[in-house]
Amino acid sequence: MLHAVEIKPDIYWVGVIDWNERNFHGYTTDRGSTYNAYLIKDEKLTLIDTCKPGFEDELIERLEDVCDPTKIDILISNHVEQDHSGSIPRIMELCPNALLVTGAPHGLSGLKAHYGDGYNYHPVKTGDELSIGKRTLSFVQTTMVHWPDNMVTYSASDKLLFSNDAFGQHFASSKRFDDEEDLPEILAQAKKYYANIVMPYAKNVAKALEAVAPLDIDIIAPAHGIIWRSHKDEILSRYRRWSSMETEEYALIVYDSMWHTTEAMALQIADAFMESGIPVRLFDLKVNHISDIMTETLTAKYLAVGSPTLNSGMLPTVAAFLCYLRGLTPKGRAGIVGIPFGSYGWAPLGPKKVAEELEACGYALPLGTLTHQWTEDEAGLDELHQTIREGIAKLRD
Ligand code: FEO
C-alpha cells in the first residue's frame, strides 16, 4: 500500500513521484518530477488536481490510504495540462457524481475538449468561494501561469495555497517539504522550472503575485516537487525578482564550432569578460542542453552566441538554441545585450543570422556582429579580446 502524507490536519499529499522522467517536452529533468495532488478530508471529500496519465494506480493507492475514493464529492482541477488533469477520467469513474471544479471559461472549455461533456462541471472565477464543510475554499485565476486556464485554490482556515504550476520544480524526492531537502538544489530546480516553463509570461506572473499578496499563507503546495513551508518567503521573493525581468552583470557565451575558430573566439570573449570583472559561464552546444542554458538566460545581462557559417546559415545546434530562446524570452525585456559572433570562409552568413535572431529576441547589439575569416590567428583574436573589453567598458560608463 502506498502512503499519503499529512501536510496539515486533515489535508494529505496523495500525489505521485515520477523518479525516471528525464525529458518534459524538451526540458531535461535530471531529477525526475512529481505530480502533486492533495486530498482535504472535510464534510465534502475534496481532491485537488490529479496526475499524468499512466500514474493513475499510484494516485488511487495513495487516496485509498486515507479515504474511500468512491466517496470523493469534489474534484478541483486547477489546470488542464495533462500532467495534472490526465487522471480525471479514472477518478471520475470512481466517483461519477463528483462536482468537477474548473476555471471559467478556459478551464471548462479545455476539460471538455479533453474529456467530454459528461461530468458535473462547476466553473469558477477569481473571488468565487466554495464551502466544503468547516472550510471555505476560494479561487484566484492565474492566467498564463502557465496556460490560459491556470488557477490557484486557497484555504483561508489552513493558510494553504494550492498553487499548481507556480512555484513548482521538476524534482523527485522521498521528502515533501522544503526544510527536509537540500534548499540550494530545490531553488536551482525552481529557477530552471521558471525559465523553461513560465519565463515568457513574466507580466502574468507579476499579476498573479499581486493577486495572492493579500492572502495569509503558511504553506505553498505546488503541483510539482517540494512543498514550501519554511522557505515560502524565499521562493516568493525569487518569483518577484524573476518576473521583474531584472538582469545581473553576468555573461553567457554559447556556441558551436566546426574547426575550432568559433570556439577560439568564444574563449577570447569569455576571457575579456573575466578581465573586466564580470562573471562568465561558457556553454558548448555539443555537450550542454538548451534547457540548462535557458536557466542562465533568466538573469544574465550579456549573451554572446557564436556560430560559423554552414550552408549559408548557422549550425543547427545554434539554430535550435535560438529558436528555444525566442519562444521563452519575455516581451518587453529591457537592457539585455547580445553579442553575435562566428567564423566563416567566404560569406559571414552564420554570424549574421545569429545577429538577426538575437535582435528578434529583444537583445540590443551595441558591439555589432564579430566575425573572423578562416582560421584563428593571434592578431585577430587579440583584436577581438580588445573589442570586447572596450565595448564592455563603454557599456558600463
Ligand atoms: Fe505542470 Fe502546465 O503543467
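What is the spread of the Cα atoms of the chain along each of their three principal axes, largest first, in whole Å?
Extents along the principal axes: 78, 40, 37 Å.
How large a share of the accessible area of segment 227-309, in percent, is made up of carbon and sulfur atoms when the probe is 1.4 Å and the other protein chains stay in place?
Solvent-exposed carbon and sulfur of segment 227-309 make up 49 percent of the total.
Give me the Kirkwood hydrodynamic radius of segment 251-396 in Å, from all C-alpha pairs, to one decimal place?
It works out to 14.8 Å.
Short version: ³J(HN,Hα) in whole Hz for each residue of segment 106-118, in order, from phi by Karplus 6.51 cos²θ - 1.76 cosθ + 1.60 (θ = phi - 60°), x for Gly and Pro, what are they?
6, x, 4, 5, x, 5, 5, 5, 7, 10, x, 8, x
Separation of segment 39-67 and segment 84-128 by C-alpha centroid, Å?
Measuring centre to centre over Cα atoms gives 15 Å.
Could you compute the FRET efficiency for ASP68 and SER174, with r as their C-beta to C-beta distance and R0 at 25 Å, rounded to 0.05?
FRET efficiency, ASP68 to SER174: 0.40.
Determine ³J(HN,Hα), in whole Hz, for all residues of segment 337-351 in sequence, where each value follows from phi through the Karplus function 6.51 cos²θ - 1.76 cosθ + 1.60 and θ = phi - 60°; x replaces Gly and Pro.
Rounded to whole hertz, the list is 10, x, 10, x, 8, x, 9, 7, x, 10, 8, x, 7, x, x.
Return one number: the angle in degrees, 0 to 90 and rounded to the nearest 10, between the long axis of the Cα atoms of helix 261-275 and the longest principal axis of the Cα atoms of the chain.
It works out to around 80 degrees.
Using label points projected 7 Å from each Cα along Cα→Cβ, tell me how many nm separate GLN82 and TRP19, to one decimal.
With each label placed 7 Å out from Cα toward Cβ, I get 2.5 nm.
Using only Cα atoms, tell me the angle between helix 202-212 and the longest principal axis of the chain; keep it within 0 to 90° and round to the nearest 10.
30 degrees
Between ASP182 and ASP57, how many nm apart are label points set 7 Å from Cα along the C-beta direction?
Simple spin-label model gives 3.2 nm for this pair.
What's the extension gain from MET274 to VAL287 if we count 0.36 nm per residue and subtract their Cα-Cα distance?
2.5 nm
So with the 1.4 Å probe, I'd like the accessible area per residue for the chain, rounded to whole Å².
41 Å²
Once you have the Cα-Cα distance between LYS394 and TRP259, take 0.36 nm times their residue separation minus that, and quote the gain in nm to one decimal.
45.4 nm
Roughly how many percent of the accessible protein surface of segment 60-206 is carbon and sulfur, given a 1.4 Å probe and a whole-percent answer?
After summing per-atom areas, the C and S share lands at 49 percent.
Please give the FRET efficiency for GLN386 paired with ALA347, using the beta carbon to beta carbon distance and R0 = 30 Å, rounded to the nearest 0.05.
After rounding, the FRET efficiency stands at 0.75.
Sort out for me the Cα centre separation of segment 231-257 from segment 152-207, rounded to whole Å.
15 Å
Residue by residue, what Karplus-based ³J(HN,Hα) values in Hz, rounded to whole numbers, does segment 244-257 have, using 6.51, -1.76 and 1.60 with θ = phi - 60° and x for Gly and Pro?
Listing the rounded values in order: 6, 6, 5, 10, 10, 6, 7, 10, 10, 10, 10, 7, 9, 9 Hz.
Students often get this wrong: which residues of segment 356-384 have the backbone nitrogen under 18 Å from the point 7 angstrom along Cα-to-C-beta of SER312?
Output list for this probe position: 356-357.
In Å and on Cα atoms, what radius of gyration and Dmax does segment 109-244 show?
Rg, Dmax (Cα atoms, Å): 15.3, 45.
For segment 42-87, state which GluC sites (Glu not before Pro) are in a DSSP loop and have at most 12 other beta carbons lying within 10 Å of their beta carbon.
The qualifying sites are GLU43.
Output the 0 to 90 degree angle, nearest 10, between the alpha-carbon long axis of helix 378-396 and the longest principal axis computed from the alpha carbons of the chain.
It works out to around 50 degrees.
Could you let me know the centre-to-centre spacing of segment 286-338 and segment 5-34, using Cα atoms, in angstrom?
29 Å
For GLY338, what is the net charge nearby, where nearby means another residue's Cβ is under 15 Å from its Cβ and Lys, Arg count +1, Asp, Glu -1?
Local charge sum for GLY338: +1.
Multiplying the sequence separation of ALA360 and TYR121 by 0.36 nm and subtracting their Cα-Cα distance, what value in nm do you get?
Once the chain is fully extended between ALA360 and TYR121, it gains 81.8 nm.
Would you work out the relative contact order for the chain, in percent, from Cα pairs under 8 angstrom that are 6 or more residues apart?
For the chain, the relative contact order is 11 percent.
Considering the alpha-carbon set of segment 85-136 alone, what are its Rg and its Dmax in angstrom?
Reported Rg and Dmax, both Å: 11.7, 34.
Given a Förster radius of 22 Å and the C-beta distance between ASN97 and LEU2 as r, what FRET efficiency does 1/(1 + (r/R0)^6) yield to the nearest 0.05?
With a Förster radius of 22 Å, E is 0.30.
Calculate the all-directions average of the projected area of segment 228-310's alpha-carbon convex hull, and give it in nm².
Dividing the Cα hull surface by four gives the mean projection, 6.9 nm².
Among ILE132, ILE60, ILE48, whose mean-square fluctuation peaks in a Gaussian network model of the chain (Cα, cutoff 10 Å)?
ILE132
The values are calculated or read from the model by the stated rules, or taken from the named source; none is laboratory data. Worth saying up front: this structure is predicted, and the values here are computed from it rather than measured. Note that we place each Cβ from the backbone using ideal geometry, even for glycine, and neighbour counts take in every protein chain shown. Surface accessibility is based on the protein's heavy atoms, side chains included, excluding ligands, DNA and RNA. Shrake-Rupley method; radii C 1.70, N 1.55, O 1.52, S 1.80 Å.
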